[in-house]
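Please read the structure below before turning to the comments.
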Amino acid sequence: MDISKYIDFTLLESTTTERDIIDFCHKAKVHKFYAVCVNSAYVPLVKQLLENTNVKVSSVIGFPLGANSTKSKVFEAKKAITDGADEIEMVINIGLVKSKNYVSVLRDITDVKIAVGDTPLKVILEISELNKNEVIKASEICIDAKADFIKTSTGFSKNGATLTVVKIIKKTVRNKIKISAFDGIDDYETAIKYIDAGVDRIGSTTAIETTENALQIRNTKIYRRYIETVQSAGALKADIIKKQTQD
């Protein structure tokens, strides 16, 4: 299975340089990932580097805490789109969720969605900071706000995506909204498990091998080690027999 269409290749570190961005975009083109995700300051450069490719440009806003004012999120989202972003990823206001101020959470997401229009909007829940009931409620709010995706994590908190929480989100939203899992998904086998669990996109900071070649290569290495072990054992046995014969 080719999973390249699922991958959002991600680079959000504060120390990211222009050279890093250039190398990053080259990898995205080589692997034909669905999208790249960067901080908004790099959107113009990334858009230029990925010109004439099918790789989408995604930008984060209100990142990584989500505690920015709604007006600032709206402004940042509009600016990112003007600069060339094809998708927007906003962090939910975690404190408001935990305060059970659901009206303000809904308004925050809705205002951003209205501002971005047809541009896909991902809402990052930061699941490591929420309990099960809060994840469910936040997911329901995302549906009501007409968001396009629920994303699990920023990558800047305690933990990233888990299969357990992804399954909770999937059970809650069914097919009403898409799911993006991020952080800790760095190999083909893990990615497949999340796809099987119902995610529509996988964020990764690693250039994941996107086909079964990854598994085949690993199995080839295991088989090679097995053969080497058998050959070594055979050679040792032959030496023992030879020595016994000579004696």
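Checking Val43, Val55 one by one, the residue that is within 22 Å of Val123 (Cβ to Cβ) and either outside the structural domain of Asp118 (by TED's automatic domain parsing) or buried (at least 17 other Cβ atoms within 10 Å of the Cβ) (or both) is Val43 and no other.
Among the residues of the range 142-163, at least one is out of contact with any Gly (no Cβ under 7 Å at 6 or more places or on another chain), part of a helix (DSSP H, G or I) and surrounded by 21 or more Cβ atoms within 10 Å (Cβ to Cβ).
Filtered by the rule that a residue be among the hydrophobic types (A, V, I, L, M, F, W, C), touching a helix residue (DSSP H, G or I) at 6+ places or on another chain (Cβ under 7 Å) and closer than 12 Å to Ile61 by Cβ, the range 77-99 gives Ala77, Ala80, Ile81, Ala85, Ile88, Met90, Ile92.
The number of residues in the range 99-126 that are among the basic types (Lys, Arg) and more than 24 Å from the chain's Cα centre (by Cα) comes to 2.
With respect to the conditions (1) crowded, with 21+ Cβ neighbours inside 10 Å; (2) assigned to a loop (DSSP other than H, G, I, E, B); (3) not β-branched (Val, Ile, Thr), Lys122 falls short on a single one, namely (2). The combined condition, being touching a Lys or Arg at 6+ places or on another chain (Cβ under 9 Å) and more than 23 Å from Lys78 (Cβ to Cβ), is fulfilled by Phe9.
The values are calculated or read from the model by the stated rules, or taken from the named source; none is laboratory data. Just so it is clear, the model here is predicted, and its values are computed rather than measured. No Cβ is skipped: glycine too gets one built from the backbone with ideal geometry, and neighbour counts run over all protein chains shown.
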